[in-house]
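> My questions all concern the structure below.
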Amino acid sequence: MRRSCRYRSRDACKVASSAPSNGAMNETNPVRPLGWGRFLLQFLTVLIAYFVASVPAVLLLGVTAWGYLLSVMGSMAAALLVAWLWLRRDGALAQAWNLARPDSWPRALAIASGATLVIVFIFTASGPVIDALGLDQVDVELIMQFITESPLMLALWIAGVAWLAAGLGEELLWRGFLLDRLMRLPGIEGRIWIAIVLQAVLFGLPHLYQGWGGVLVTGLIGLLFGWLRIIAKWNLWPLVIAHAAVDTIMMGLGYAAAQDWITIG
């Protein structure tokens, strides 16, 4: 039976006509139905790959800038590999990881620029709200300690983490793999905002190392990125660019403050 739109929802139907035409998305090669058991298997294997791959670099190099850099990049690469295998097996790769050329690069860059400004504002204005809620402030001291070791380390963290592991990797993993999987589940399929909220919660929780304030802020940003995927007609490039730009800005500001070039706070 042919589906008239991607996820059987009004919002998805609005953008289905803009999706690229290829074998993974047409009726001759349908996406495999997804149940809760298969979803949990997929999600858990991705998580296991992520955590297992994060260990070797830290064991070999210790809690150092190099150790954490390679750990972050290695864990994301492993998680994306497992996610890619699942999406490819289910025929959902092109839809979940839509990195096709946007219909309009100016529009895509405008979305990315607007999102960047909003997220930077969230980071800078969230302090009083977190205090009012009685939560710990976002703690990124260890990361900042690493990136401020030298100009070389700053450049490596911006390239390897801000742009590859976080900007590209996290958007492929959370707004790509996870959001696609959630939107196909019985009981959630067609309810886009339920899927967006769930992926935002799951995106925020791994940032517990930053304190509950970090979980709250990151979850809010995940909610924004989920909404942006609809606005961007399911293309991931605006999200990737915005995510990488935000991390680059925050790392750059942290480095500048450590060198006493600027004063923050």
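> Along Cα→Cβ, 7 Å out, is where each label goes; now give me the distance between the ones at Gln137 and Ala77 in nm to one decimal.
3.6
> From the alpha carbon gyration tensor of region 72-175, can you work out the equivalent ellipsoid semi-axes (sqrt of 5 times each eigenvalue) and give them in Å, largest to smallest?
Details: eigenvalues 162, 80, 55 Å².
The answer is 28, 20, 17 Å, longest axis first.
> Only four residue types carry charge here, +1 at the Cβ of Lys and Arg and -1 at the Cβ of Asp and Glu. Report the dipole size of region 87-140 about the Cα centre in Debye, rounded to the nearest 20.
For this selection, approximately 460 debye.
> Looking at Ala245, Ala96, Leu109, which one has the Cα that reaches farthest to the positive end of the dipole of the chain (charges on Cβ: Lys, Arg +1; Asp, Glu -1)?
Positive-most Cα among the choices belongs to Ala96.
> To the nearest 20 debye, what is the magnitude of the charge dipole of the chain about its Cα centre, counting +1 on the Cβ of each Lys and Arg and -1 on the Cβ of each Asp and Glu? Write down the numbers at each step before the final one.
Numbers: 18 positive and 15 negative charges, 327 e Å.
Roughly 1580 debye for the chain.
> If eta is 0.890 mPa s and T is 25 °C, what Stokes-Einstein diffusion coefficient results for region 135-265, Kirkwood Rh from Cα pairs, in µm²/s?
On the way: Rh = 15.6 Å.
Estimated via Stokes-Einstein, D reaches 157 µm²/s.
> Can you give the Kirkwood hydrodynamic radius of the chain from its Cα pairs, in Å with one decimal?
Hydrodynamic radius (Kirkwood, Cα pairs) of the chain is 19.3 Å.
> In Å, the Kirkwood hydrodynamic radius of region 121-180 over pairs of distinct alpha carbons?
13.7
> I would also like to ask the following. Could you tell me which residue out of Ala195, Ala65, Ser150 lies farthest along the dipole of the chain toward its positive end? Charges go on the beta carbon: Lys and Arg +1, Asp and Glu -1, centred on the Cα centre.
Ala195
> Expected output is a single nm value to one decimal: the length gained when fully extending between Trp227 and Trp105, i.e. 0.36 nm times separation in residues minus the C-alpha distance. What is it?
Taking Trp227 through Trp105 to full extension adds about 42.0 nm, to one decimal.
Quick note: the coordinates plus some simple rules give every number you see, no bench work behind them. Everything quoted here is computed from the prediction, not taken from an experiment. No Cβ is skipped: glycine too gets one built from the backbone with ideal geometry, and neighbour counts run over all protein chains shown.
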